[in-house]
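Heads up, the thing below is written out as structure tokens.
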Amino acid sequence: MNRRTLLKLIALQAAAFPLSLHASNALLQKRRHLILIELKGGNDGLNTVIPYQDPLYYKLRPSLAIENRDIHSLSNNIALHPSMVEFKEMFERDELALIQGVGYPNPNRSHFRSIEIWDTASSAQEYLDDGWLNTLNMPQSNSLKGVILGGEYGPLSGLSQGVIKIGSIKRFLQQSKQIKGRISLAGDNKALYHILHTEAEIRKGADLLKSSLDKSMELSHRFKKSTFGRQLEAATKLINSDTGIPFFKVSLGSFDTHTNQDSRHSSLLKQLSEGIATIRQNLVASGKWDDVLIMTYSEFGRRASQNANKGTDHGTAAPHFITGGMVKGGIYGNHPSLKNLDRNGDLVHSIDFRSIYHTIARKWVGVPSKHLHEFKQIGFL
């Protein structure tokens, strides 16, 4: 038995087992899944959802503003970025909810602090340890609750058991095969007992995953060959496999576009739009699209005005997207005013991000949260 391989696996996953792939909570009984997509670095909302009829937009962004001829109009005054062709199609099918002006009071412009606020659903003055999904009053079980496919644990941090972090399903299964043999313990060495117990549970978890995944490794529609594409592919396969895992987290970045934003931002939005469209195609084919909810989030938006380097700096409010077969598509909330910016020249939020979380907790997961009940629900479900 290769102890180095075992310890590496434990470190990579930071998983607390035991687990089984079946649980009794409401989310698993309904076979529903939530995919969280982190737009890492702070997505520029103004060039994602464009106020193309507002002359102030072109004044604030003389070289970054998107030309009218290239946009995908959603209404008389807002449009999607040219790269988001598939999002426009999903919007027309009433499967894409656009939530405008999302943020929180007294916003923080630090990457690290602001994403911590989003991950824990705290206020700007609070410091919480647990991810917001860990605050949901879900019944205790030995289930595999979540899989991190990109980025950090974030919204799933603090869960006492059943969250694993993997870069590749196949690689995880291959690594688990290297854990062989068994050592009999004499005495009361709790640390070594924990390692051996974890070894057995990793192998058990890998066996359970493999038995399900063997049935559904092939997808009818191929994802683009990219890090983001591989994350989405893994999530799709795990959903199709009937493992019943409720939560997935993936990451796309970097959206921290301080310089020469135009081409990089366009590429990232294209990856997002194409990737989610491919998830949809595969889940429609497998009959599971109605069982999936996909949500984007990011630590903040960007400044209303461009900077001297043809980029944008850290800002505040931004739009976010919710999609899935059961989503009530449409536009929710108002586009932030470019006339009434805050004293730092930032957009003023109109929807607290915790309202999105509260809606998902009550309407999708089906359980209350310890500290989200004070926020209004939004009608996308």
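Do we have GLY158 as under 19 Å from ILE37 (Cβ atoms) and either touching an Asp or Glu at 6+ places or on another chain (Cβ under 8 Å) or modelled with pLDDT under 90 (or both) here?
It is false that GLY158 is under 19 Å from ILE37 (Cβ atoms) and either touching an Asp or Glu at 6+ places or on another chain (Cβ under 8 Å) or modelled with pLDDT under 90 (or both).
Within segment 346-369, being assigned to a loop (DSSP other than H, G, I, E, B), closer than 20 Å to PRO246 by Cβ and of a type outside the set (Val, Ile, Thr) holds for GLY366, PRO368. The single residue among GLY345, GLY325, GLY366 that is surrounded by fewer than 19 Cβ atoms within 10 Å (Cβ to Cβ) and under 24 Å from ALA277 (Cβ atoms) turns out to be GLY325. Restricting attention to segment 300-309, and to residues there that are buried (at least 21 other Cβ atoms within 10 Å of the Cβ) and part of a loop (DSSP other than H, G, I, E, B), which single residue is farthest from the chain's Cα centre (by Cα)? If we take residues in segment 300-309 being buried (at least 21 other Cβ atoms within 10 Å of the Cβ) and part of a loop (DSSP other than H, G, I, E, B), then GLN306 is farthest from the chain's Cα centre (by Cα). Residues in segment 245-299 that are over 13 Å from the mean Cα position of the chain (by Cα), farther than 17 Å from ILE322 by Cα and not in a helix (DSSP H, G or I): ILE245, SER254, PHE255, ASP256, THR257, HIS258, THR259, ASN260, GLY287. Can you tell me which residue within segment 90-127, out of those that are touching a Pro at 6+ places or on another chain (Cβ under 8 Å) and in a strand (DSSP E or B), is surrounded by the fewest Cβ atoms within 10 Å (Cβ to Cβ)? Only one residue fits best here, namely GLN100. Whenever a residue of segment 355-367 is more than 12 Å from ALA121 (Cα to Cα) and in contact (Cβ under 8 Å) with a residue 12 or more places away in the chain, its partners that are surrounded by fewer than 23 Cβ atoms within 10 Å (Cβ to Cβ) and among the β-branched types (Val, Ile, Thr), lying with C-beta atoms within less than 9 angstrom and at least six residues away or across chains, give the pairs THR359/ILE378; ALA361/THR135; ALA361/VAL367.
Criterion first (more than 15 Å from the chain's Cα centre (by Cα) and under 17 Å from ILE245 (Cβ atoms)) does LEU149 satisfy it? For LEU149, the condition - more than 15 Å from the chain's Cα centre (by Cα) and under 17 Å from ILE245 (Cβ atoms) - is not met. Only one of the listed residues (GLY205, GLY244, GLY229) is at pLDDT 85 or above, out of contact with any Asp or Glu (no Cβ under 7 Å at 6 or more places or on another chain) and surrounded by 16 or more Cβ atoms within 10 Å (Cβ to Cβ). That residue is GLY229. Is it the case that segment 72-80 has a residue that's crowded, with 24+ Cβ neighbours inside 10 Å, under 26 Å from SER263 (Cα atoms) and over 18 Å from the mean Cα position of the chain (by Cα)? Yes, segment 72-80 has at least one match. Applying the condition of being under 26 Å from SER254 (Cβ atoms) and among the β-branched types (Val, Ile, Thr) to segment 115-147 and asking which residue is modelled with the lowest pLDDT yields VAL147. Listed by first and then second residue, the pairs linking a residue in segment 307-325 that is within 16 Å of LEU338 (Cβ to Cβ) and at pLDDT 95 or above to a residue that is assigned to a strand (DSSP E or B) and among the hydrophobic types (A, V, I, L, M, F, W, C), with Cβ atoms under 7 Å apart and 6 or more places separating them unless they lie on different chains, are ALA317/VAL102; ALA318/VAL102; PRO319/VAL49; PRO319/LEU98; PRO319/ILE99; PRO319/VAL102.
The values are calculated or read from the model by the stated rules, or taken from the named source; none is laboratory data. Since the structure is predicted, the reported quantities are computational estimates derived from the model, not experimental observations. Backbone-built Cβ (ideal geometry, glycine too); neighbour counts: all protein chains shown.
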